[in-house]
Amino acid sequence: RFDDIVQVRHETGRPSEQYRVTAGSVEAQVGIQAAGSLFPWLGYRFGGYTFRPRYDIEAEYGQESGRLAAVMAGVEQDTLDRFPFPKEGTHWSAQYRDFQERWGGTKEYRVGELDFRGYRSPAVAHTLGVHLRVASAFDSHAPLWDKPRLGGIQDMPGYLRHERPARTLATGTVQYRAAVAPLPELFRDRVFATLRVGGGAVSEADASAIAEGAIAGSLAQLSPVWGAGVGAAANTPIGGLRTEVAVRDSGRVRGIISLGNHF
């Protein structure tokens, strides 16, 4: 895997908060099919990175280079009846990434994530879906470019893919999808109208700090997020085509087009 991407510290667009990450890594996984559709796996990732401010001005973070090495573990289960527009079934996954010097790297942090999607069709042309996601860095050392990130047409409405970084996030999205009819046989049950509404919270605090605050009766470290969008989708030979116009918590309206084999 190779990445050369620009990321932002906040959503202000200020030059001093923009950073470029160049990273390359190799990853190996081994797993076993268990109990039908259950798939537990173990993996190892090794690579290098360079993280630097995009512009030669005062920035919160300086340039940094090093090695990344992680032992990873996860499990997933897929009972969906079809893809990329399922009508019945569930898909869930859990994974944990442990970056440590003892595995061969120079940076130490830990990240975990839970993801659940479920679909039901109360009528032939209508499908309801729910997407729940919880992700967190377990300490304060996860780098900006490898923290959990919010956004994408398969995630929270109104956010571009991986647009908003956060040390911790918890979100839920409800989706309604209706097949467009009447259409010729070739396009039947392949073109849809969609409606999505989502909400949740993000935080720059790690999971342990949020838990301590909750025990003390304070949720001040959490920032609410929400989004709602309407759109259209089509199942094409080269993947799912999705378009959506959405509004989000800042009041910003976004139009997004996506093509590919993802949710």
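Of note:
- No other residue among Val21, Val6, Val30, Val26 is assigned to a strand (DSSP E or B), surrounded by fewer than 13 Cβ atoms within 10 Å (Cβ to Cβ) and modelled with pLDDT under 90 apart from Val6.
- Filter pass, Thr173 being within 26 Å of Ser121 (Cβ to Cβ), under 14 Å from the mean Cα position of the chain (by Cα) and buried (at least 17 other Cβ atoms within 10 Å of the Cβ): yes
- Among the candidates Gly172, Gly255, Gly199, Gly251, residue that is under 17 Å from Gly129 (Cβ atoms) and either of a type in the set (A, V, I, L, M, F, W, C) or free of Cβ contacts under 8 Å to residues at least 40 places away in the same chain (or both): Gly199
- Pairs are defined by a Cβ separation below 8 Å, a sequence spacing of at least 6 or placement on different chains, a first member in the range 125-140 that is assigned to a loop (DSSP other than H, G, I, E, B), and a second member that is modelled with pLDDT of 95 or more; the pairs so defined are Ala125/Ala178.
- Scanning the range 246-263 for residues that are surrounded by 15 or more Cβ atoms within 10 Å (Cβ to Cβ) and either in contact with a helix residue (DSSP H, G or I) (Cβ under 9 Å, 6 or more places away or on another chain) or aliphatic (A, V, I, L, M) (or both) yields Ala246, Val247, Ile256.
- Applying the condition of being touching a Lys or Arg at 6+ places or on another chain (Cβ under 9 Å) and open to solvent by 30 Å² or more (accessible area, probe 1.4 Å) to the range 140-152 and asking which residue is farthest from Lys107 (Cα to Cα) yields Ser140.
- Restricted to the range 67-95, and to residues there that are part of a loop (DSSP other than H, G, I, E, B) and touching a strand residue (DSSP E or B) at 6+ places or on another chain (Cβ under 7 Å), the residue that is most open to solvent (accessible area, probe 1.4 Å) is Asp81.
- Condition met for Gly151 (at pLDDT 80 or above, under 17 Å from Ala201 (Cα atoms) and under 12 Å from the mean Cα position of the chain (by Cα)): yes
- Checking Ala137 against (1) within 20 Å of Ile256 (Cα to Cα); (2) open to solvent by less than 10 Å² (accessible area, probe 1.4 Å); (3) of a type outside the set (Val, Ile, Thr); (4) at pLDDT 80 or above, the condition it does not meet: (1)
- Unmet criterion (only one of (1) in a strand (DSSP E or B); (2) without any contact (Cβ under 8 Å) to a residue 40 or more places away in the chain) for Ala211: (1)
- Odd one out for Met156 among (1) crowded, with 16+ Cβ neighbours inside 10 Å; (2) modelled with pLDDT of 90 or more; (3) not charged (D, E, K, R): (2)
- Within the range 96-115, the residues that satisfy the criterion of being under 16 Å from the mean Cα position of the chain (by Cα) and open to solvent by 70 Å² or more (accessible area, probe 1.4 Å) are Tyr96, Leu114.
- Residue within the range 38-53 that is in contact (Cβ under 8 Å) with a residue 40 or more places away in the chain and exposed (fewer than 15 other Cβ atoms within 10 Å of the Cβ) present: no
The values are calculated or read from the model by the stated rules, or taken from the named source; none is laboratory data. Small disclaimer: the values here were computed from a predicted structure and weren't measured. We place every Cβ from the backbone using ideal geometry, glycine too, and count neighbours over all the protein chains shown. Heads up: the accessible areas ignore ligands, DNA and RNA and are worked out on the full protein's heavy atoms, side chains in. Shrake-Rupley method; radii C 1.70, N 1.55, O 1.52, S 1.80 Å.
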